[in-house]
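Before any comments, here is the structure.
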Amino acid sequence: MKVSGFTFVKNAVKYGYPVVESIRSILPLVDEMIVSLGDSEDETNALIASIGSDKIKIIHSVWDKTLLEGGKVLAVETDKAMDATATDSDWLFYIQADEVLHEQYHPVIWSAMEKYKDDKRVAGLLFNYHHFYGSYRYIGDGREWYSKEIRVIRNDKGIRSYRDAQGFRWKNDDKLQVKLIDAFIYHYGWVRNPVTMYRKRERFGKMWDGQGETEAARMARESKHIEFDYSKIDSVTVFNGTHPQVMKDLMSKEDWTLEMDVKKKNFKNMKHRILYFLWRKFGWRPFEYRNFKRI
């Protein structure tokens, strides 16, 4: 069985992406790791080169600024990396630059890839998610977080990244048939120093609404030491598990303090409060958006 990993990244240093940890976390499971490097304004290229694995194959890309609205450019960049994977791989493992895989799940994932390799009904493997928020101690557990997504797909070029690259679909827009496995992706996209987090959210806000930005405006924005307000969240809970080993060094560099009241809930309406109760009490998430078909 042959497995290719793939990801893309741009400005990882400037915006605090744990991309080195992300890549290292899946290297033991893949025969090659395709990394598409965007036209960064920082030392991202050198950061990736520092990993020093002969499994890593780098391609270079210039992001299309006309595709910023709605995060379309992220799907395009995902497809570029995916299309550079080996044609003879059985499975493709996608990991985003702010996602990390815990080593405890390596056997589960490998076993599932072997089990379903020849079952053509299965187009992908579905993972559970931990969405860390504000610090490595808290998880966002409200309705705004997706609980599952596809991260391993069959090597079929008819599969494309969907919308803002959260998941995948067939070219004809059909959802993939997938098997849920007992493994979690650790999403650290909302764990940063509050100043870095503010800069990232400002930048991505402009990406999603399609607005450009002059160099002078960008420099003026980034010169401000404004902190992101982590209190504007509907619900968090304390994380009682362990983090991936590859995160150990990065976590030791946490240079901010955040205390959150896990009993305080800020649901926008009674419907969200009831849906949250159903999930926490019975593990049921009615009306949740699902970009896949479980089989």
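The values are calculated or read from the model by the stated rules, or taken from the named source; none is laboratory data. Worth saying up front: this structure is predicted, and the values here are computed from it rather than measured. Note that we place each Cβ from the backbone using ideal geometry, even for glycine, and neighbour counts take in every protein chain shown.
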Examine the range 2-17 for a residue that is of a type in the set (F, W, Y), out of contact with any Cys (no Cβ under 6 Å at 6 or more places or on another chain), within 21 Å of R199 (Cα to Cα) and in a strand (DSSP E or B), and state whether such a residue exists.
yes
Do you know which residues across the range 38-86 are surrounded by fewer than 15 Cβ atoms within 10 Å (Cβ to Cβ), part of a helix (DSSP H, G or I) and of a type in the set (D, E, K, R)?
K65, E69, D83
Here's a check for you: in the range 133-146, which residue that is at pLDDT 95 or above and either surrounded by fewer than 22 Cβ atoms within 10 Å (Cβ to Cβ) or in a loop (DSSP other than H, G, I, E, B) (or both) is farthest from the chain's Cα centre (by Cα)?
R137
By residue number, the members of the range 208-249 that are of a type in the set (A, V, I, L, M), at pLDDT below 95 and assigned to a helix (DSSP H, G or I) are A216, A217, M219, A220
Does H106 satisfy the criteria of being surrounded by fewer than 18 Cβ atoms within 10 Å (Cβ to Cβ), within 15 Å of S25 (Cα to Cα), modelled with pLDDT of 95 or more and of a type outside the set (A, V, I, L, M, F, W, C)?
yes
If the Cβ limit is 7 Å and pairs must be 6+ apart or interchain, which residue in the range 224-244 that is surrounded by 12 or more Cβ atoms within 10 Å (Cβ to Cβ) pairs with which residue that is of a type in the set (A, V, I, L, M) and modelled with pLDDT of 95 or more?
V236/I139; T237/I139; F239/I139; H243/M251; P244/V100; P244/L101
Any residue in the range 267-295 that is within 26 Å of R151 (Cα to Cα) sitting within a Cβ distance under 7 Å of a residue that is loosely packed, with under 12 Cβ neighbours inside 10 Å and modelled with pLDDT of 90 or more? List the pairs, counting only those 6 or more apart or interchain.
I295/R121
Test G134 against the criterion of being touching a residue at least 12 places away in the same chain (Cβ under 8 Å) and on the phi < 0 side of the Ramachandran plot, and give yes or no.
no
Breaking point among (1) under 25 Å from S135 (Cβ atoms); (2) of a type in the set (A, V, I, L, M); (3) touching a residue at least 40 places away in the same chain (Cβ under 8 Å), for V13:
(3)
Output the qualifying pairs, or none if there are none: Cβ atoms under 6 angstrom, residues six or more apart or on different chains, first residue in the range 170-187 and touching a residue at least 60 places away in the same chain (Cβ under 8 Å) and at negative phi, second residue of a type in the set (D, E) and in a strand (DSSP E or B).
I185/E99; H187/E99
Checking K200 against (1) assigned to a helix (DSSP H, G or I); (2) within 23 Å of the chain's Cα centre (by Cα); (3) modelled with pLDDT of 90 or more; (4) surrounded by 13 or more Cβ atoms within 10 Å (Cβ to Cβ): exactly one of these is not met. Which one?
(3)
